[in-house]
Amino acid sequence: MTMKTITLLLLLALFCQTVVSQQAPQTDSNTPLHQLKPNYPVPYGIAKSEEIAAALNRIHGYLDEVTPAAFVNSKTGEVLSDLTRIDENTTLKPGDFRIVSYEWGVAYAGMLLASQATGDPRFRDYAEKRLQFIAESAPYFRSTTEAHADWGTKLPLRNLLQPRALDDCGAMCAAMIKAKRNGSKANLQPLIESHINYIMAKEFRLQDGTLARNRPQPRTIWLDDLFMGVPAIAQMGKLTG
């Protein structure tokens, strides 16, 4: 075989390989893993501070609109402005999320952190408005809950006033302490003390003190409980010294 023929064959092979590589999808079999581009609708990249601020502003605008701080009559939809008129039909005004849930304990803590990071008071005000609303409402619901045990778990602040699991109060307690340490004017101390007492003295623990649950099986350790319990305890240590 002449050198000219060998050269032509090599060029042809390289050409074919180039065509195949252009047509075939990139996979781990033909491309180094670190060079593969992920097929995600939102591309990865180093976010710019203005992009993060814009995303935070969109989140704040949405949540501020869909998490109202008000009570209504569940049957009539009438807004309840006089909390001495609480009855078994009193409920939080419907929104996309519940402002007293453990998820919203996380949301309040996130809003406070966003305010510290950006210097924008709107995030802090979001948490303060709702925590103030909860703190002012709690005494009315506490007396009503004690007087009307037959209303069961329907009252909207039951989880905060009569916690039965760390989900009921752990994340909310941590957020309340953070807000208090951040200068909140809401009277959160009664709820904080009640929640810490539950976490420290009433929540189920293993023999060595590890926070645990008896569901779905006896003596089950949940990663959730690490988050629901330890940050609140740590925050309380910071608050009280």
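Structural remarks
- Taking Cβ atoms as reference points and 14 Å as the exclusive limit, the residues near residue 116 contribute a net charge of +1, counting Lys and Arg as +1 and Asp and Glu as -1.
- Within-15-Å neighbourhood charge of residue 200 [Cβ basis; K, R +1; D, E -1]: -2
- Packing-based exposure ordering (other Cβ within 10 Å, fewest first) of 74, 49: 49, 74
- Within the chain, longest stretch free of exposed trypsin sites (Lys or Arg not before Pro) [DSSP loop, at most 16 other beta carbons within 10 Å]: 99-153
- Helix axis angle, 223-240 relative to the chain longest principal axis, alpha carbon, degrees: 60
- Taking GluC sites (Glu not before Pro) in DSSP loop conformation with at most 16 other Cβ atoms inside 10 Å as exposed sites, the chain has its longest uninterrupted site-free stretch at 89-241.
- Residues 3, 111, 236, ranked from the fewest to the most other C-beta atoms within 10 Å, line up as 3, 236, 111.
- Of the chymotrypsin sites (Phe, Trp or Tyr not before Pro) found in the range 83-192, the ones in coil according to DSSP and having at most 14 other Cβ atoms within 10 Å of their Cβ are 97.
- Coarse-grained scattering of the chain at q = 0.15, 0.18 Å⁻¹, given as base-10 log I(q)/I(0) from a Debye sum over alpha-carbon atoms: -1.10, -1.34
- The chymotrypsin sites (Phe, Trp or Tyr not before Pro) of the range 34-85 that meet both conditions, a loop assignment by DSSP and at most 13 other Cβ atoms within 10 Å of the site Cβ, are 44.
- Long-range amide H partners of residue 71 with built H, under 5 Å: 80, 93
Just so you know, all these numbers are worked out from the coordinates, no wet-lab data involved. Treat the numbers as computed from the prediction; the structure is a model and nothing was measured. Note that we place each Cβ from the backbone using ideal geometry, even for glycine, and neighbour counts take in every protein chain shown.
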